[in-house]
Amino acid sequence: MTRITAQPGIMDIALYQGGQSHLAGVTDVLKLSSNENPLGAPPSAVEALGAAASGLHLYPSTDHAALRSAIAQTWGLEADRLICGVGSDEVLQFVTQAFAGPGDEIIYTEHGFSMYPILANMAGATRVCVAEHERVVDVDAILEAITDRTRIVLLANPANPTGTLLPMEELERLADGLPDYVILVIDGAYVEFAVGYDGGISLARDRDNVLVTRTFSKIYGLGGLRIGWGYGPQAMIDVMTRIRQPFNLSVVQLAAAEAAVRDTAWVEKCVALNVEQRARLTGALRQLGLACDESHANFVLARAETVEEADAAEAALNADGILIRRVAGYGFPEGLRITVGDAEQTGRVIAALTRWREGAAA
């Protein structure tokens with residue numbers, strides 16, 4: 001019998017399940033299950049990646065200086081307060097690993113991103129899940145859950161899978177109410193789609209216990225490369241950098257991300273498309289009798305009246321070669337998370353669901 005045992009929390013981790021990519025027997029699959037950019041990656045990033053390929057025999061920089069400088073210039077930040085990772089997931093792993101462990105508590109909310117309990121288990125910390133109010137983060141519930149063992153609060157804003165947004169004044173109230181030994185992590189994977197919201201950067205700039213994270217996977221269409229970054233107090237970034245692998249990002253990752261973050265015109269184009277098609281999809285879903293909150297992300301969470309109705313809607317979409325994401329694991333067995341596509345893709349979704357409703361009524 002082996003005496004080798006895993007560290008506390010690891011065997012409690014359920015394997016993460018990504019969005020489905022294939023339908024048996026279907027060649028023209030429309031994948032709307034992973035919140036990917038329908039326009040793909042910016043041509044500038046694709047070109048930069050190709051150019052960087054000639055240097056694949058060389059090690060990448062260990063300090064990510066060029067990428068951090070590009071991020072700093074684009075967002076008006078201080079480069080020495082930035083850290084880059086393999087997607088924002090790795091940055092979240094840095095902060096949980098560096099500042100929480102056995103005996104500590106990590107708070108997240110009931111419909112929060114499914115990586116949060118995984119990250120808590122990886123650190124060996126105790127998971128504390130608090131209720132939301134009508135699918136929106138409840139600041140009072142979080143503050144009431146704080147104890148002297150709490151070390152981190154993980155919060156996605158806009159949230160996944162609900163798409164809801166905690167107003168800035170409520171985010172400030174949360175930050176004000178936390179003890180100085182608790183880190184507030186604002187996960188901003190979908191920030192660029194929330195028009196007029198800075199993603200909590202103003203809070204991270206002025207406070208010693210706030211970290212914001214971002215990803216290149218959504219608005220920049222670089223999910224296949226896995227690149228993210230975090231911005232926070234210098235002291236916190238210094239600690240996190242000590243556990244970051246020195247070569248965690250490759251030559252091509254760094255080159256593509258630098259080109260993408262400088263391509264502000266591409267971001268504006270993608271945001272405009274998303275705003276237009278998100279409103280179109282939301283309106284159509286409501287007309288079809290599927291409830292949904294106002295989304296501030298690049299997806300809409302449609303809620304059927306029953307699980308059976310959701311099953312039927314998904315089956316109708318699948319029959320038309322459309323993949324969406326069921327989110328029972330997030331507390332919505334009746335939910336269908338649908339990525340916002342381009343005009344043609346959105347039309348295809350609406351048409352499939354309309355045929356389903358008309359068939360059900362016949």
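No lab work stands behind these numbers, since they all come straight from the coordinates. All values derive from a computational prediction rather than experimental measurement. Neighbour counts run over all protein chains shown; Cβ positions are idealised from the backbone, glycine included.
A few comments on the model shown:
- Cα gyration tensor shape of segment 164-205, rounded if a/c is under 1.5, else prolate or oblate by comparing a/b with b/c: prolate
- Charge dipole of segment 202-343 about the Cα centre (unit charges at C-beta), most positive-ward option of LEU323, ALA313, TRP266: TRP266
- Taken over the C-alpha atoms, segment 227-332 has Rg and Dmax values of 19.9, 53 angstrom.
- Computed E for THR62/THR306 - FRET, C-beta separation, R0 45 angstrom, nearest 0.05: 0.25
- Angle in degrees between helix 343-361 and the longest Cα principal axis of the chain, rounded to the nearest 10: 50
- Segment 44-263: proportion of alpha-carbon pairs further apart than 23 angstrom, %: 44
- Here segment 44-263 is treated with +1 on each Lys and Arg Cβ and -1 on each Asp and Glu Cβ, and its dipole about the Cα centre works out to around 780 debye.
- Cα centroid of segment 292-362 to Cα centroid of segment 166-236, whole Å: 29
- On Cα atoms only, tilt of 43-52 relative to the major axis of the chain in degrees: 50
- Rg then Dmax, both in Å and based on the Cα atoms of segment 176-251: 13.7, 42.
- With each label modelled as a point 7 angstrom along the Cα→C-beta vector, the THR241-ARG127 pair spans 3.3 nm.
- Between helix 264-287 and the chain: long-axis angle, C-alpha atoms, 0 to 90°, nearest 10: 40
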